[in-house]
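The structure appears below as structure tokens.
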Amino acid sequence: MSETIEKIQRQIAENPILLYMKGSPKLPSCGFSAQAVQALSACGERFAYVDILQNPDIRAELPKYANWPTFPQLWVDGELVGGCDIIIEMYQRGELQPPDQRDGGEVQHRRAESRIISVPASSHDAGRAMQ
């Protein structure tokens with residue numbers, strides 16, 4: 001297994017909600033990434049991201065690993081959810097609410113504090129940068 005695939009697997013395992021995107025949530029570099037960030041942020045859920053433009057090895061390998069050719073890619077609890085279209089559809093149907101905000105299938109009216117975390121390129125990097 002390549003070092004890049006191992007890095008991808010670690011990132012996915014260590015981050016319950018992870019968005020592989022172009023750019024950062026504060027400065028997305030494509031419209032699809034911007035839409036995905038908007039939907040996730042509107043839910044008030046904490047999520048991590050990897051800027052694939054700054055990580056060309058991940059940009060090259062992740063589509064093969066995930067069997068998903070495009071970015072952004074949303075991973076939740078180790079499972080690929082999909083790209084921008086799926087994220088937007090789920091948001092519009094109310095399916096992106098954090099599990100702890102559901103009560104018997106009804107969404108409570110409180111919102112979690114939204115925090116965005118940048119995933120280090122290597123698990124050996126010191127800490128995570130808060131944005």
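Each reported figure results from applying straightforward, stated rules to the coordinates on display, with no laboratory input. All figures in this text were calculated on a predicted structure; none of them were measured in a lab. No Cβ is skipped: glycine too gets one built from the backbone with ideal geometry, and neighbour counts run over all protein chains shown.
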Checklist outcome for this item: Simple SL model, points at 7 angstrom along Cα→Cβ for residue 9 and residue 77; separation in nm is 2.2 nm
Item to check | Under the Karplus curve 6.51 cos²θ - 1.76 cosθ + 1.60, θ = phi - 60°, whole-Hz ³J(HN,Hα) for segment 64-70, x wherever Gly or Pro sits | outcome: 6, 4, 7, 6, 9, x, 10
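Can you give the net charge of the other residues whose Cβ lies under 15 Å from the Cβ of residue 56, counting K and R as +1 and D and E as -1?
Details: positive: 7, 22, 59, 64; negative: 3, 51, 57, 61.
Combined, the nearby Lys, Arg, Asp and Glu give 0.
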Item to check | Calculated FRET efficiency for the pair residue 1/residue 30, C-beta based, R₀ 41 Å, to 0.05 | outcome: 0.90
